[in-house]
Every structure is written in C-alpha cells, then in structure tokens.
Amino acid sequence: MTVEVVHWNPRRPVVPGRLGRLVPVRRRVNNFGDLIGPALVEHILAARGIDPARGSARRLLTVGSILHLAAPGDVVWGSGINGKEAHLPPGLGLDVRAVRGPITHRLLREAGIEAPRVFGDPALLWSRFWPRESYADGERRAVGFVPNLHDWVRHRDDPRTIAPQGDLHTIAGQIARCDLVVATSLHGIVLA
C-alpha cells in the first residue's frame, strides 16, 4: 500500500519581508513536531516489512493540527484541528482511527464524520521506538526550554532554549538529555 503521510512543512522565503517575495529561494520550515508523523510511520512500516511505495495509494493524517488538509477518503490517526482552521466541510468520508483529543472528536462529529472515542497524539509512541537511552551521547542539561515555532525568535538567545527547527533526532536527543523540560511546543512536552 502506498502511504502518503500528510504533514505541515511548507517552504518559506529565506529573505524575510517584502524582498522575500521577490527572491525565489525558499527553505522548508522543518518544525520538529511536524516531522514526527512521517518518521513514526516510516519506522513502523519498515519494522513490519511493508514497502510504503507498493499497492493502492492512501493518505494518512497523523501528528499535528492538520485536519484542515484532509481530502475525501483520508485516514486519520491522532491528528487534531487547528483553531484557526476549525471548520471542516461535510462529506469528507474520512476513515478516522484516532484523534488528538475530545475537541477534535466533537468537531468531526458536528461535521457528520464518524470518529471513535480513541484519543492521543501518535508522538506519544516516540520513546517506544527511540527510547531516552538511545540519545545518551551528548551534552546534558538541567533545564531545557522548547518553544513553539512562533515563540522561537523571542527566546533564541537563551542558552536553555532548544531550537524547534532542524533535524528531528538531534532535537529529540537534546530534549532527552534534559533533567527538566519546559515548553510552549506541544511536541516538546510530548517527547519530554
């Protein structure tokens, strides 16, 4: 079965402001929380010997507030609704296996979409596949702060801050080596 893991990772201009609209160079956001879903699915499929490029195509929405990206027939496993995009069109015909929480469940039901009362962000499974011990090598921190992507600029000069953009396993390792994690990033909390 071909599995396309829908996730949020747009390209943004490298040059900020108005000039950025004119300069065509764009870079992926690479917010670590939004990269967790594809990494988990790839790992789970590989562990079961499933080649995601074979068979009939399916789209899977997993980690993140991405239900507004859903298309008819998509499979939903633990994703949520973005508060800015809280409206879902009727008739999506989603195959919902789990949702992030009760608010997403209620909004799906209000849109006429069947959804089981199975709650939880798939990122909760991270340590099952990559336990804290697998990240033991590297600098330990007493306290680490993981800001939401949109809070990063205000906190980037604080030495306790763990940048939310970059290589997923590098960030997961930095979080794992903290004695205490404080976060405005949902997935900073989940991985901690």
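Worth a mention:
- Among the listed options (1) 48, 45, 34; (2) 62, 34, 29; (3) 68, 34, 30, the one matching Cα extents along the principal axes in Å as calculated from these coordinates is (1).
- Segment ASP157-ARG28, extension gain: residue separation times 0.36 nm, minus the distance between their alpha carbons: 44.2 nm
- Centre-to-centre, using Cα atoms only, segment 113-171 and segment 178-192 are separated by 6 Å.
- For the chain, the longest site-free run once trypsin sites (Lys or Arg not before Pro) in DSSP loop states with at most 11 other Cβ atoms within 10 Å are removed: 55-116
- THR104 accessible area, assembled protein chains, probe 1.4 Å, Å²: 10 Å²
- Linear extension gain, HIS68 paired with ARG106, 0.36 nm per residue minus alpha-carbon span: 12.2 nm
- Among the protein heavy atoms of the chain, carbon and sulfur supply 53% of the accessible surface, probe 1.4 Å, non-protein parts ignored.
- Heavy atoms of the protein chains alone define the surface here; on that basis segment 1-111 has 57 Å² accessible area per residue at 1.4 Å probe size.
The values are calculated or read from the model by the stated rules, or taken from the named source; none is laboratory data. No experiment lies behind these values; they were computed from the predicted model shown. Methodologically, a virtual Cβ is constructed for each residue, glycine included, from the backbone with ideal geometry; neighbour enumeration extends over all protein chains shown. The area values use the complete protein model at the heavy-atom level, side chains included, leaving out ligands, DNA and RNA. Shrake-Rupley method; radii C 1.70, N 1.55, O 1.52, S 1.80 Å.
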